[in-house]
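K.L.:
Quick one: the structure is below, questions incoming.
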Amino acid sequence: MDFMASKQPENSLLGPEADSQRTLYPYVTGTSVVALKYKDGILMAADMGGSYGSTLRYKNVERMKAIGKHSLLGASGEISDFQEILRYLDDLILYDNMWDDGNSLGPKEVHNYLTRVMYNRRNKFNPLWNSLVLGGIKNGQKYLGTVSMIGVNFEDDHVATGFGNHLARPILRQEWHENLSFEDGVKLLEKCMRVLLYRDRSAINKLQIAKITEEGMTISQPYSLKTYWEFSAFENPTQGAVGSW
Amino acid sequence: MAKQQANWSPYDNNGGSCVAIAGADYCVIAADTRMSTGYNILTREYSKICKLADKCVMASSGFQADVKALQKQLAARHLIYQHQHNKQMSCPAMAQLLSNTLYYKRFFPYYSFNVLGGLDNEGKGCVFTYDAVGSYEKVGYSSQGSGSTLITPFLDNQLKSPSPLLLPVQDAVTPLVEAEAIDLVKTVFASASERDIYTGDKIEIVVVNATGIRREYMELRKD
């Protein structure tokens, strides 16, 4: 009955051999990215860790990159997929520049492009395992959006990925307001990153904060947050506790 | 080694409720603006309503990425229609297009629960309600989404239309005036927000009538 068996083209994603060509789970991952709008543009923070499961394998990973003239992309999740996305965006920006028509892709357009890319990969059951934060400012218009690995996207005044959604967003909802100064914005981001450092086991104490304004993008040198471990509740944590907690 | 099972789902439910009510010369379409995932709120200000044509508005809840893709598909098809026919699509025509578009992905559905509202060719209000794979029907009012189980019985009580099985065929549109219908919508969402955790933050209300399309908002519980 050989004529009945359908033959797959070599590059199809169907059939048992193809399973090895699809993303099943992430290997080297970055943790939360947190970002907010402030008076002059967008501030974004991410630590520099690349975890390999529970091992902290890489400690110098830059998870935020400038895209074109007006945008800043931060990523959590699989680092190799982030690098692939940067390659796609390189091509996108290159084509945009080659038109040489005085026009350039703004953050809204880049966010839309990324959303389409993530959604299309999800449709093919071969996702890019990332949660992306895309921020920027063009012609005075600030923009901050996010897109997940299955294509869920939205924009807001402050966004976060992963654990940031649980720990940072509530702080931002309480303390963010329109027209934050640069210093206040950094203080607020550091507050969020400190909580993440205390409570997210994949977070490391080496972070960068990136700023994007009409003038351009700058990213800080890596630095550490001051932490305090002398809280009395942390001393003898098991005293009086029944069981393993 | 046993075959690997997927540890990710291509679907998510981003929650929310949608309602539409048809009147003699207007149509009210409303949806809340909360977008959630699991027990988290992603954002409080996301619009689930999309204007597809001059007299045709769609509200959709479910999986946001699929909803967005569906809206884009319909907008693109509408543009082509306008190029080919030199006119806007009527609401009943868009209703059929939406049904076909949904069924096209019958075996990997758009996880999108839609209500389509607008004015038909005679200027009378019409509402079409859908399931995720395109099954649809013209009704006098409808609700979809996470709060629909709470909203529909209330609308049934306030707006109950005569049975579509009766002869002669009776009109399903409500005799209510536009202002009364809007008030009903606000009441219904306020009630749904009390008990449905995915409904809340704000309602976006869109009214389509002979003068055009207008939008208004109302605050809801943020918890």
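The values are calculated or read from the model by the stated rules, or taken from the named source; none is laboratory data. Just so we're clear, the structure is a prediction, and the values are computed from it rather than from any experiment. Neighbour counts are summed over all protein chains in view; Cβ atoms, including those assigned to glycine, are modelled from backbone coordinates with ideal geometry. Side chains included, ligands, DNA and RNA excluded: accessible areas come from the protein's heavy atoms. Shrake-Rupley method; radii C 1.70, N 1.55, O 1.52, S 1.80 Å.
K.L.:
Kindly indicate the residue of segment A:135-152 that is more than 11 Å from chain B (Cβ to nearest Cβ) and either among the acidic types (Asp, Glu) or in contact with a Phe, Trp or Tyr (Cβ under 8 Å, 6 or more places away or on another chain) (or both) and also farthest from A:Ala66 (Cα to Cα) among those meeting that condition.
P.N.:
Looking at residues that are more than 11 Å from chain B (Cβ to nearest Cβ) and either among the acidic types (Asp, Glu) or in contact with a Phe, Trp or Tyr (Cβ under 8 Å, 6 or more places away or on another chain) (or both), I get A:Ile137.
K.L.:
In addition: Residues that are under 18 Å from A:Leu114 (Cβ atoms), in contact with a strand residue (DSSP E or B) (Cβ under 9 Å, 6 or more places away or on another chain) and at pLDDT 95 or above, at least 2 per element: which strands (runs of 3 or more DSSP E) completely within segment A:1-73 meet that?
P.N.:
A:33-38, A:41-47, A:64-67
K.L.:
A further question follows. Which members of segment A:151-164 meet the condition of being touching a Ser or Thr at 6+ places or on another chain (Cβ under 8 Å) and in contact (Cβ under 8 Å) with a residue 24 or more places away in the chain?
P.N.:
Of all residues in segment A:151-164, those touching a Ser or Thr at 6+ places or on another chain (Cβ under 8 Å) come to A:151-156, A:159-164.
A:Gly151, A:Asn153, A:Glu155, A:Val159, A:Ala160, A:Thr161, A:Gly162, A:Phe163, A:Gly164 - these are the residues of segment A:151-164 that are touching a Ser or Thr at 6+ places or on another chain (Cβ under 8 Å) and in contact (Cβ under 8 Å) with a residue 24 or more places away in the chain.
K.L.:
Quick check, is A:Tyr95 hydroxyl-bearing (Ser, Thr, Tyr) and either free of Cβ contacts under 8 Å to residues at least 12 places away in the same chain or open to solvent by 40 Å² or more (accessible area, probe 1.4 Å) (or both)? Before you say what the answer is, go through the steps one by one.
P.N.:
Values: hydroxyl-bearing (Ser, Thr, Tyr): yes; either free of Cβ contacts under 8 Å to residues at least 12 places away in the same chain or open to solvent by 40 Å² or more (accessible area, probe 1.4 Å) (or both): yes.
When the stated conditions are applied, A:Tyr95 passes them.
K.L.:
Can you give me the ranges of the strands (runs of 3 or more DSSP E) entirely in segment B:8-65 with at least 2 residues that are buried (at least 24 other Cβ atoms within 10 Å of the Cβ) and in contact (Cβ under 8 Å) with a residue 60 or more places away in the chain?
P.N.:
So the answer is B:17-22, B:26-32, B:56-62.
K.L.:
Only one of B:Ala76, B:Ala93, B:Ala59, B:Ala24 is over 17 Å from B:Gly200 (Cα atoms) and touching a Lys or Arg at 6+ places or on another chain (Cβ under 7 Å). Can you tell me which? Please lay out each step first, then the result.
P.N.:
Values: B:Ala76 fails: touching a Lys or Arg at 6+ places or on another chain (Cβ under 7 Å); B:Ala93 fails: touching a Lys or Arg at 6+ places or on another chain (Cβ under 7 Å); B:Ala59 fails: over 17 Å from B:Gly200 (Cα atoms).
Unique residue meeting the criteria: B:Ala24.
K.L.:
So B:Ile182 fits all but one of (1) in contact (Cβ under 8 Å) with a residue 40 or more places away in the chain; (2) among the hydrophobic types (A, V, I, L, M, F, W, C); (3) part of a strand (DSSP E or B); (4) surrounded by 18 or more Cβ atoms within 10 Å (Cβ to Cβ); what number is the exception?
P.N.:
Condition not satisfied by B:Ile182: (3).
K.L.:
Go through segment B:193-210 and count every residue that is in contact with a helix residue (DSSP H, G or I) (Cβ under 9 Å, 6 or more places away or on another chain) and either closer than 20 Å to B:Asn13 by Cα or open to solvent by 10 Å² or more (accessible area, probe 1.4 Å) (or both).
P.N.:
Going through segment B:193-210 one residue at a time, the tally reaches 8.
K.L.:
Considering only segment B:9-17, I want to know if a residue exists there that is away from chain A (no Cβ under 11 Å) and closer than 30 Å to B:Ala210 by Cα.
P.N.:
Yes, some residue in segment B:9-17 is away from chain A (no Cβ under 11 Å) and closer than 30 Å to B:Ala210 by Cα.
K.L.:
What strands (runs of 3 or more DSSP E) lie completely within segment B:92-139 and have 2 or more residues being free of Cβ contacts under 8 Å to residues at least 60 places away in the same chain?
P.N.:
Strands (runs of 3 or more DSSP E) meeting the threshold: B:125-130, B:136-139.
K.L.:
Still on this structure, please answer the following. Among the residues of segment A:165-187 satisfying the criterion of being in contact with a Phe, Trp or Tyr (Cβ under 7 Å, 6 or more places away or on another chain) and surrounded by 15 or more Cβ atoms within 10 Å (Cβ to Cβ), which is nearest to A:Thr218 (Cα to Cα)?
P.N.:
A:Gly185
K.L.:
Is segment A:101-114 home to any residue that is more than 25 Å from B:Val67 (Cα to Cα), within 14 Å of another protein chain (Cβ to nearest Cβ) and out of contact with any strand residue (DSSP E or B) (no Cβ under 8 Å at 6 or more places or on another chain)?
P.N.:
no
K.L.:
Now for a different question. Please enumerate the residues belonging to segment B:128-159 that are open to solvent by 10 Å² or more (accessible area, probe 1.4 Å) and at positive phi.
P.N.:
Of everything in segment B:128-159, just one residue is open to solvent by 10 Å² or more (accessible area, probe 1.4 Å) and at positive phi, namely B:Gly145.
K.L.:
Filter segment A:153-164 for residues that are in contact with a helix residue (DSSP H, G or I) (Cβ under 7 Å, 6 or more places away or on another chain) and in a strand (DSSP E or B); which is nearest to the other protein chains (Cβ to nearest Cβ)?
P.N.:
Checked segment A:153-164; the qualifying residue nearest to the other protein chains (Cβ to nearest Cβ) is A:Asn153.
K.L.:
Which residues, taken from segment A:117-131, are crowded, with 17+ Cβ neighbours inside 10 Å, more than 9 Å from chain B (Cβ to nearest Cβ) and either of a type in the set (Lys, Arg) or assigned to a helix (DSSP H, G or I) (or both)?
P.N.:
Result: A:Val117, A:Arg121.
K.L.:
Spot the failing condition for A:Asn179; the list is (1) under 18 Å from the mean Cα position of the chain (by Cα); (2) assigned to a loop (DSSP other than H, G, I, E, B), and only one is missed.
P.N.:
That leaves (1) as the condition not met.
K.L.:
Go through segment B:198-218 and give me each residue that's of a type in the set (Val, Ile, Thr) and in contact (Cβ under 8 Å) with a residue 24 or more places away in the chain.
P.N.:
Listed by number, the residues that qualify are B:Thr199, B:Ile203, B:Ile205, B:Val206, B:Val207, B:Val208, B:Ile213.
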